[in-house]
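Right, one structure below, let's go through it.
The values are calculated or read from the model by the stated rules, or taken from the named source; none is laboratory data. Since the model is a prediction, treat every value here as computed from it, not as a measurement. Reconstructed Cβ throughout: ideal geometry from the backbone, glycine too, with neighbour counts over all protein chains shown. Protein only, heavy atoms only, side chains kept; ligands, DNA and RNA dropped before computing areas. Shrake-Rupley method; radii C 1.70, N 1.55, O 1.52, S 1.80 Å.
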Amino acid sequence: MTKKDYGEFVIYAIIDPTSNRVFYVGRTNNLEYRIKRHFKEAELFDPDNLNDEKYMKLLGLNRWDNTERHPNVEKAKWIKLIFGAGLEPVVKVLDSWYAESLSDANRLEEAWIAHMKMMGEPLTNKVTSRRMQVWWYGENSPRWKPGMARTPLEFIEMLKNGSVKKKSENNTHQKRLNRYKKRYNKAVKRKSK
């Protein structure tokens, strides 16, 4: 595995056994460990301690991290309710894939989240609008063009078969770095004159 490769990972759903509704979709390269973490977070969940640094460390989180790293309160409550009823949440693997980068893995996860939302599932995922992007438009949309995916599932297939330009091929980060270097070099030249 090269430095850029993200590796093999799975997209999974956590399902409420009482209603058979999907309430969380996630991505991991170690499913057993990740599910244990979800269950441990729910077991330790206490809404009164969310600002307590010791409590956040107990959950394995840093309270100064961005909001995506804070406990998903709705998910933790839901899991706690299921355990309280003497049941256990159902975990189902939706997809698996070898991704070249973390951003490609995120795109696949986000497409599955969008698909589940379109199916009317009551997801508790905390995906910010800045991170969630749209790569598909319905055929009736004025933005749709031939060759674009019409649904999240179609996008997933296009991403996996290589007909969607992967984030790792975009090189936008490198382009941005090159722009900054040019600006810096111009500023240095101006200062030295």
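Restricting the search to segment 114-143, which residues are modelled with pLDDT of 90 or more and β-branched (V, I, T)? Listed by number, the list holds a single entry, T124. Being surrounded by 15 or more Cβ atoms within 10 Å (Cβ to Cβ), at negative phi, at pLDDT 80 or above and β-branched (V, I, T), is that true of even one residue in segment 160-172? For segment 160-172, residues surrounded by 15 or more Cβ atoms within 10 Å (Cβ to Cβ), at negative phi, at pLDDT 80 or above and β-branched (V, I, T): absent. Would you call K57 modelled with pLDDT under 90, open to solvent by 40 Å² or more (accessible area, probe 1.4 Å) and not in a loop (DSSP other than H, G, I, E, B)? Judged against the criteria, K57 is a match. Among the residues making up segment 84-104, those that are out of contact with any helix residue (DSSP H, G or I) (no Cβ under 6 Å at 6 or more places or on another chain), modelled with pLDDT of 85 or more and not in a strand (DSSP E or B) are G84, A85, G86, L87, E88.
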